[in-house]
Amino acid sequence: MGFTVETCGHCQRLFNYPGFGSKYCPDCRKIDEENRNIVKEYLREHGQANMYEISIATGVPEADIKQYLRDGMLEIPEGSPIYIKCEACGCDIRYGKWCPACAARLSSDLKGCLIGVGDVPKEKMSGKMRFLGKR
């Protein structure tokens, strides 16, 4: 498994990135996980609250709370008067980046882009391969 050197999205230090997961260094990733757990525990104890209230009570920045919602790590409770917006159509959603309709449309669009990728030729072609721009 190859690692690449990346800049931490939080503290801007360089670290070895394994190619998956958040682009935070190990120290910032640990702090991020602790903050996420603090927010989850606060919501369990206090039920519905807006991001400002959660941020003030927990000390976790609103931007981090919004990112937890976008990443699907937190979910706005059913019946809450406050929602986040779908990035495609702008309708109210409880978590993630897209509403179910836009997610289905995007998924369908991606499947359409992949048609033909890796297909085996139906008949054997003859002749030589040609290259553009070769003299």
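Ordered by the count of other Cβ atoms within 10 Å of each Cβ, fewest first, Met73, Met51 give Met73, Met51. Pop a pseudo-label 7 angstrom from the Cα along the beta-carbon direction at both Glu78 and Glu53 and give the gap in nm to one decimal. That separation, rounded to one decimal, is 2.0 nm.
Coordinate-derived values only; no laboratory data. Quick caveat: nothing in here was measured; it's all calculated off a predicted structure. We place every Cβ from the backbone using ideal geometry, glycine too, and count neighbours over all the protein chains shown.
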